[in-house]
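Notes follow the structure.
The values are calculated or read from the model by the stated rules, or taken from the named source; none is laboratory data. Computed from a predicted structure; not experimentally measured. Here the Cβ positions follow ideal geometry from the backbone for every residue, glycine too, while neighbour counts run over all protein chains shown. SASA here: full protein model, heavy atoms, side chains in, ligands and nucleic acids out. Shrake-Rupley method; radii C 1.70, N 1.55, O 1.52, S 1.80 Å.
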Amino acid sequence: MADLIDVSSQDGVTVVTLTDPPVNALGGAMRQALWTAFENLPDDDTAVVLIGDGACFCGGVDLRELEPRAGVPSFTDLMTRIEASDRFVIAALHGAATGGGLELAQACHYRIAAQGTRLGQPEVTLGFPPGGGATQRLPRLIGVEQALSLLLSGQPIQDSRALEIGLIDARAKGDLRSFAVHFARSIAAQNNHPRRTRDQREMLRDGAANQKQLTQFRARVASTPLHAPKRIIDCVEAALLLPFDAGIAFEQTAFEEGVASAQSEALRHAAMAERRALFLPEAKGLTPKQIARVGLLGQGKRALDLSAMLLRAGVEVTLAGPSDMALPGHVQTWFQRAVTAGRLNADQATRATDRLRGPVPPEALSEVDLILDAAPTGAVNYADLPVDPGALLVFAHDRPSFDNLPDGASGLALGFGVPAVTSDLMVLAKGPDTSADALLALSHLARRLAKQTVISNDAKIDLTARMLGVWRLAADTCLRDGATPAQVDTALRALGCPRGPYQLLDMVGLNSAAAHMRPRKAARQPLPDLIAVLRDMDRPGRRAVKGVYLYDAEHPHGREDPEISAICARLRKEQGLPERQISDGAIQRRCLIALANEATYLRAEGVVTRGTDLDVVMLHGLGFPRWRGGPVLMADQAGLLAMRRDLERLAAHDPFIWEPAPLLSDLIKNGARLSEA
């Protein structure tokens, strides 16, 4: 207990400090320590300040401890105990008060917050309603509309907004602890008894208005495949209709059902996979280099996309040759269109474009923090670049070369999702001598760009392109067995994907490296190469308004072209294949096991450190539905033995595509999961 909390007395106020940084998580031991502290408060003190040590008040619950533990107070029991205290209990918040941490604050009688505090209930993003009373207390504190906005968004609000809506009572000035003690003494002197949240019903009195809000929020979530938002609304409705304790019991049932659901397993898996993907043990103890100025070599769409991405994030960009002299104008046009589309306001666009410099000769890039090469392979003589020892040289094209780097420079390659600007994936691919400092600096830059980072140990492999390549090859086998591209994409959208593989093919275009990527040794096509057929027909993709699909003003996302379906049928006939049908379920299964098998190969080859890294690539790079977790998790859920059996059956016809990864048998033999490999 002494390692988790500290109890002291100051000016007649008991100060209970959570001392388990970095997040002061409400694990079982912490809950027991808090319970014991509130059972043994000093007799002479009239108030209690609950405060956190370190960077935040309390970051919530340890995801590994969601299940109830015998002999340890539950979340609801602890909140009830604190709320029932006969002392005035004040929560002093700083840094973050999220999840169970904010529920802990709601159970206190008053709440104050330091400037910059973030308050939120992220449970919906993990697939379950809150389990510590938030759906019952928040409507009492801030009303139904504000409570549902906070609960359903999963996003934190700032302390200033929390004060506006009544979630906190004051913003602290100066030292938080001193302010909190003074606030507690003032409250105790001015009031006869604590102000318990459970007893507040003023916000619940207008039944008609509150029911209208419930109806409106239900309409907003009606089409989502997620269960948690709908259950959260049910719980808030229970706060209106049921006595407080009955509402708490209702919420607890919904919480337990949510935690046990497949959606919650998938969403928690995604969150943990993202967290692991950011782990850089080799950079422990290092201070990240700040990247404020980037020199960009290159031209065309990739250079335009990279420029826009960096400028929006506040990075100064200097364009350098070989460069398109018209590129600055293209960047200006990009931001003008962003303003027209409402993605930016005029002031944001102006400030972004004011950070654009050049173009200048490459030898003028002597004062940048990073040189980003998006030029064609061989267009730049790296040895002539004016870089200091330890400089960062980053390749943003599909054929990085580390042979002629300047002395002392550290190089790596960047990979992105589809499309590069709007997807939130950034793959950091190591070169032969990539330093830990370089990885750390680029990882921090990725955060500024709002990108999820994944580390690749082989700069020659584009993870996004390789996964898209195997996805498309698996889809092509479905064409051989009677499907059309539209049926394949429809089946994958039914799984929750925003786009199927052929829609993605149109998006990246036939000239993209991703369109030509092959997994491992898959040199043979199930049908004559669809890409070759499209190229012969001059159908390069969506930008040219025709690819696998046709595009026009009425069909910006594409419409099926009967000509493509007829070509697939003709190709089957030429190969002597019978006309038959394949179900949507079989299409989904083929694509999923192909992706999971490819992830197994990549893990076994050491290209990634964890199998779950490929789920992160699929989620952030190719739009795989988060609430499914990813192909790796879905393979574990369906069973690796069943996956191997299906692969072996398909490999009898297409061994180059479906040969099971040898690691798969090892995992099965050891009873292990692919997500743990």
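Quick notes on this one:
- The lone exception for THR287 - which of (1) surrounded by fewer than 16 Cβ atoms within 10 Å (Cβ to Cβ); (2) assigned to a helix (DSSP H, G or I) it fails: (2)
- Of the residues making up segment 302-318, those that are modelled with pLDDT under 90 and closer than 15 Å to VAL394 by Cα are ARG302, ALA303.
- Note on segment 510-545: among residues that are of a type in the set (D, E, K, R) and surrounded by 20 or more Cβ atoms within 10 Å (Cβ to Cβ), the one that is modelled with the lowest pLDDT is ARG542.
- Single residue of segment 48-62 satisfying the filter (touching a Gly at 6+ places or on another chain (Cβ under 9 Å) and aliphatic (A, V, I, L, M)) that is modelled with the highest pLDDT: ALA55
- For beta carbons closer than 7 Å, sequence separation of 6+ or different chains, a first residue in segment 209-230 that is touching a residue at least 12 places away in the same chain (Cβ under 8 Å) and part of a helix (DSSP H, G or I) and a second that is of a type outside the set (Val, Ile, Thr) and open to solvent by 70 Å² or more (accessible area, probe 1.4 Å), the qualifying pairs are GLN213/GLU145; VAL221/LYS230.
- Candidate set from segment 621-673 (those that are within 22 Å of LEU425 (Cα to Cα), part of a helix (DSSP H, G or I) and open to solvent by less than 70 Å² (accessible area, probe 1.4 Å)); member that is modelled with the lowest pLDDT: GLY621
- Segment 470-509 - residue that is assigned to a helix (DSSP H, G or I) and of a type in the set (Lys, Arg) and, of those, most open to solvent (accessible area, probe 1.4 Å): ARG493
- Pair list, Cβ < 7 Å and 6+ apart or interchain, from segment 591-614 residues that are at positive phi to residues that are surrounded by fewer than 24 Cβ atoms within 10 Å (Cβ to Cβ) and not in a helix (DSSP H, G or I): GLY606/ASN457
- Checking ALA249, ALA266 one by one, the residue that is at pLDDT 95 or above and over 19 Å from LEU63 (Cα atoms) is ALA249 and no other.
- Count of segment 260-278 residues which are free of Cβ contacts under 8 Å to residues at least 60 places away in the same chain and either crowded, with 17+ Cβ neighbours inside 10 Å or within 19 Å of ALA450 (Cβ to Cβ) (or both): 1
- Number of the condition not met by PRO243 [criteria: (1) open to solvent by less than 70 Å² (accessible area, probe 1.4 Å); (2) out of contact with any Pro (no Cβ under 9 Å at 6 or more places or on another chain); (3) modelled with pLDDT of 95 or more]: (1)
- Residue among ILE587, ILE582 that is in a helix (DSSP H, G or I) and among the β-branched types (Val, Ile, Thr): ILE587
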